[in-house]
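Accompanying notes for the structure given below.
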Amino acid sequence: MATAVPAERDAVARAFTAETAEVRLPGATLHRIGGTGHYDLLAAGVGPALAAASTATALTAAALAGTPYDLVVSAGIAGGFAPDAPVGSLVVADEIIAADLGAETADGFLPVTELGFGTVSHRPPTSLVRTVSAATGARSGAVLTVSTVTGTAARAVRLRARHPRALAEAMEGFGVAEAAAAHGVAVLEIRAVSNPVGPRDRTAWRIGDALAALTEGFGKFAPALESWNPHDH
């Protein structure tokens, strides 16, 4: 199953096939690609909360129908940390991190885990990350989930200092990963970089280029899934 926001949904659907059927769920609509039910596409919405709720709805419906998913893919566009993830490049997460889930203190930011509860990180299967990276040419590293998009150089520096392996930031991956984890389903996050992380400059955004890269990546990604064993880690 792939999750994406509406513009990204079309890019992913084109990479598989144009043939789709709609499946209505409470608060969400699945797009069943190819008429076989092998891939389902969900426009999960913006932000980790809505992404988690939409993904959980789809996972629960599938489980109750006796057809649980083997994999959840969070796909979309993202901001990239320069110079490691330039605009137009693909990034696949080997770690999905909730970067702003915690508390601000006089000594700086504390993740929720240091407050004694919760989690801030999910790790996709290593074998899957390796397979997808090899098939698409995507660089692997940490992808941050934020509720507020970075708009200043200072915040970009702080995020990179806390997460030196971070390649990109987006707004949905951790929510999708939380839902997948609750159902015991593997998760993957793949992103195409549309803009640099830092000062908010709409003229520097290249959404069309990022969507083209995402479409091309999924064209290579889909066949690679056929060779991946869900029992590998």
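The values are calculated or read from the model by the stated rules, or taken from the named source; none is laboratory data. All figures in this text were calculated on a predicted structure; none of them were measured in a lab. Here the Cβ positions follow ideal geometry from the backbone for every residue, glycine too, while neighbour counts run over all protein chains shown. Surface accessibility is based on the protein's heavy atoms, side chains included, excluding ligands, DNA and RNA. Shrake-Rupley method; radii C 1.70, N 1.55, O 1.52, S 1.80 Å.
If you average the sequence gap of Cα pairs under 8 Å that are 6 or more apart and divide by the length of the chain, what percent do you get for the contact order?
Details: 520 pairs, mean separation 64.2, N = 233.
Computed over the chain, the figure is 28 percent.
So, in nm, how far is label VAL149 from label ARG162 when the simple model puts each one 7 Å beyond its Cα toward the Cβ?
Distance between label points: 2.0 nm.
With only alpha-carbon atoms in the gyration tensor, what are the semi-axes of the equivalent ellipsoid for segment 40-94, in Å, largest first? Provide the component values of the computation, followed by the final result.
Details: eigenvalues 166, 31, 13 Å².
Ellipsoid semi-axes (Å, largest first): 29, 13, 8.
Can you classify segment 94-159 as rounded, prolate or oblate using the Cα gyration tensor, where a ≥ b ≥ c are the square roots of its eigenvalues, rounded means a/c under 1.5, and otherwise it's prolate if a/b beats b/c and oblate if not?
Oblate, because a/c is 1.5 or more while a/b does not exceed b/c.
Using a simple charge model, +1 on the beta-carbon of Lys and Arg, -1 on the beta-carbon of Asp and Glu, nothing else, what dipole does the chain show about its Cα centre, in debye to the nearest 20? Display every interim value, and only then the final one.
Details: 17 positive and 22 negative charges, 77 e Å.
With only Lys, Arg, Asp and Glu charged at Cβ, the dipole is about 360 debye.
Using the Cα gyration tensor of segment 45-165, with a ≥ b ≥ c the square roots of its eigenvalues, what is the shape: rounded (a/c below 1.5), prolate (a/b larger than b/c) or oblate (neither)?
Details: a/c = 1.96, a/b = 1.25, b/c = 1.57.
Oblate shape, in that a/c is at least 1.5 and b/c is the bigger or equal ratio.
Which parts of segment 188-215 would a label at ARG123 reach, counting a residue when its backbone N lies under 17 Å from a point 7 Å out along Cα-to-Cβ?
Counting only backbone N, you get 188-189.
Using +1 at the Cβ of each Lys and Arg and -1 at the Cβ of each Asp and Glu in segment 24-163, identify which of ALA52, TYR39, GLY151 lies farthest towards the dipole's positive end.
TYR39
Kindly report, to the nearest 10 Å², the accessible surface of ILE97 as traced by a 1.4 Å probe over protein heavy atoms only.
10 Å²
Could you check the spin-label model distance between ALA21 and GLU226? Points 7 Å from the Cα along Cα→Cβ, value in nm.
With each label placed 7 Å out from Cα toward Cβ, I get 2.1 nm.
For a Förster distance of 35 Å, can you work out the FRET efficiency between the beta-carbons of THR105 and THR60, rounded to the nearest 0.05?
0.45
Quick one: among VAL91, VAL120, VAL197, which has the greatest mean-square fluctuation in a GNM of the chain with alpha-carbon springs under 10 angstrom?
Highest fluctuation of the listed residues: VAL120.
Which is farthest toward the positive dipole end of segment 126-233 among LEU211, PRO164, GLY137, measuring Cα position about the Cα centre, with Cβ charges +1 (Lys, Arg) and -1 (Asp, Glu)?
Farthest along the dipole direction, towards plus: PRO164.
Using the membrane-span-like helix rule (whole DSSP H runs, Cα extent along the own axis of at least 20 Å, mean Kyte-Doolittle hydropathy at least 0.5), which helices of the chain qualify?
Working: long enough: 48-64 (24 Å, 1.36); 207-227 (30 Å, 0.56).
Sorted by number, the helices that extend far enough and score high enough are 48-64, 207-227.
Rolling a 1.4 angstrom probe over the protein heavy atoms, how many square angstrom per residue are accessible across the chain?
Ligands and nucleic acids excluded, the figure is 45 Å² per residue.
Over all alpha-carbon pairs of segment 96-231, lay out the pair-distance distribution in 5 Å bins, whole %, shortest bin first.
Histogram of Cα-Cα distances, whole percents per bin: 2, 9, 17, 21, 20, 15, 10, 5, 2, 0.
Let me know the charge dipole size of segment 109-233 about its Cα centre in debye, to the nearest 20, where only the beta-carbon of Lys, Arg (+1) and Asp, Glu (-1) is charged.
480 debye
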